[in-house]
């Protein structure tokens, strides 16, 4: 089960902007063990979606992979020809987009869109494709009779199920889901996550789940990769990163949103400031300007990935003091702006 | 803590059997006899005491936003009445209506959609002052005060900036400042942090709580997330398909939800905890078509406890200890 099946090393993705370029993803490394769900978590602009897009090599026009490797089952996705890459898409690597409404074509029935994938990409015949459509709808729990419906006839949650069915159409090995439940209500959110996990177990696929919501990671993921401003801040098993956060950013996030299981009287503590501009990132640790624990070295030297426990890494100069910092991070006063 | 309500008499709002029904399908469908009615708000009654904060909780389509719009007189009720300070809101006209507009305000969900991108922050905040006829000379000071109120440090630096030059959290504070600049008594906040990143949400929620308490505001907080509602409201009203399912102290609903729908909502709230229940939610899949809700109790086709009576009789909102519940089990 722990066999590594996707291994991202020093991935760098840049965007051409005006005459220069900015590195939205700057030296990101992580592994996806076979048959696991890895949560890629961070705030808007941290580079999580850019990583997900780079893995499919379907990127914005001005984006390009400027360094690193993405080893998928022995092949480097960053070095594959467009033709070879295209052969992998959907058959081995599939994508579930955030907004299923925008990814489904409103003028075709859902069956037509599934058929397109099954017949053109999968090379299935008409009868086989019909059978597979029915299988897929059963798998995601939609009545087969609704195959002939148009996207607007489905509710938001149903549409997201259709998007899952589309992604699974050709039995991929890796599914990349970009904020698959973000636009949905809590009840539908939960039902879609249950579905995704059941299917992942049943089919033995690996999933990269991109999200800004730690609760989603806590509910469904096996491993966590926390990103901040184009870097990986912390990674490890979901349990370790949640119960023993070892990067000050992850520690701060723990106090930043309400927990229904917690006491009612708690005061939420924001992390003051905002992530840095990637066009002109600060030298050293990118979280240092917002970090209550920063010391001199943080402002000049990029912190290395420190292994705080076996398999649990934090990119922090003070990772060795993580237990003590964690204790201090619990207090509201630690996070109050000094100014 | 909250200051006590300024006067113990009349509630600020009394909502009696409020209805907002939309006819859907165009004139053509009507001719073919196929038009139908969506009951966005269907016989909702509650009172809002002065200084009280109430969370309107439910999924999309439950009528929570429509209810907020009715209170602000952005929609005209198709039935029932809404009394503000004893006056029927739907009768307000002319001067009285202008005064009402200044006394009640809305904080929008997406700050980037809520402001004109071509306006500077100064212009955004001056607009309500102009509409209310505040003399120009006083604008600058009121704008700076409002920005200080929402804790934007050194407000003067923001005045000549444009919305795109601010972060989401900063802009949401500007939107809040705009809602507060005329010193309203009542605000509706419609999912005000759902578009913001987690690390800045807390800041905006804290400002909201703090300002409300300092100004003694009466507030409605609309959300589908009970954890957020719990952070700002002592009372919660759970809505489903245009009707009130449960109404009571937020803590009671969090710890012991009574209505089967509230139970599902509580169980579904995401928690950042690795050890949590993965049991299936106690609710059937898929909300019904709002044009064609079930007979009797609108929740019955998703309810694990439904029995015969639920199909034949609409449950009334009845007292159950500290709260009110619309369910035949109580």
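Taken together, the values in this text are just the output of simple stated rules run on the coordinates, not laboratory data. Because the structure is a prediction, the values reported are computed rather than measured. FYI the Cβ positions are ideal-geometry reconstructions off the backbone, even for glycines, and counts take in every protein chain you see.
Structure notes:
- Prolate/oblate/rounded label for the stretch A:239-335 (Cα gyration tensor, a/c 1.5): oblate
- The stretch B:13-325: antiparallel DSSP beta bridges as a percent of all, rounded to 5: 60 percent
- A Förster radius of 30 Å, combined with the Cβ-Cβ distance separating residue A:138 from residue A:327, puts the computed FRET efficiency at roughly 0.05.
- Mean per-residue shielding of peptide B:201-209 is 4, counting Cβ atoms of other chains within 10 Å of each Cβ.
- Compared with the dominant Cα axis of chain A, that is its longest principal axis, helix A:186-203 is turned about 70°.
- Label positions at residue B:214 and residue B:87, each projected 7 Å from the Cα along the C-beta direction, are separated by 2.9 nm.
- DSSP bridge pairs, the protein assembly as shown: antiparallel proportion in percent, nearest 5: 60 percent
- Distance between the stretch A:202-257 and the stretch A:1-70 - C-alpha centres, whole angstrom: 16 Å
- The packing ranking, built from the mean of other Cβ atoms within 10 Å per residue, places the peptides B:74-82, A:76-84 in the order B:74-82, A:76-84, highest first.
- Exercise: per-residue mean of other protein chain Cβ atoms within 10 Å, A:250-260: 6
- Inter-centroid distance (Cα atoms) of the stretch A:168-197 relative to the stretch A:135-165, Å: 13 Å
- Three-way shape label, the stretch A:105-144, alpha-carbon gyration tensor, a/c 1.5: oblate
- The shape of the protein assembly as shown comes out oblate: with a ≥ b ≥ c from the C-alpha gyration tensor, a/c is at least 1.5 while a/b does not beat b/c.
- Euclidean distance between Cα centres, the stretch B:225-275 to the stretch A:258-323, Å: 33 Å
- Of A:231, A:317, A:247, the residue with the greatest mean-square motion in the GNM of chain A, using alpha carbon springs below 10 Å, is A:317.
- Computed [θ] at 222 nm, helices only, for chain A once each DSSP H run of length n ≥ 4 contributes -39500 (n - 2.57): -8000 deg cm²/dmol
- Taking the longest Cα principal axis of chain B as reference, the axis of helix B:121-131 is set at about 80 degrees.
- Among B:231, A:150, sorting on how many other beta-carbon atoms sit within 10 Å of each Cβ, with the fewest leading, yields A:150, B:231.
- Here the Gaussian network model covers chain A, with springs between Cα atoms less than 10 Å apart; of A:52, A:322, A:127, A:127 fluctuates the most.
- Helix A:126-139 axis, angle to chain A major axis (alpha carbon atoms, nearest 10°): 40 degrees
- When the Gaussian network model of chain B links Cα atoms closer than 10 Å, the mean-square fluctuations of B:60, B:223, B:277 top out at B:277.
- Listed peptides B:247-255, B:135-143 appear in the order B:247-255, B:135-143 once ranked by packing, highest mean of other Cβ atoms within 10 Å at the front.
- Label point distance in nm, residue B:99-residue A:92, each placed 7 Å from Cα along Cα→Cβ: 7.4 nm
- Label-point separation, residue A:146 to residue B:309 (7 Å along Cα→Cβ), nm: 3.3 nm
- Averaged over peptide B:255-266, the number of partner chain Cβ atoms lying within 10 Å of each residue's Cβ comes to 1.
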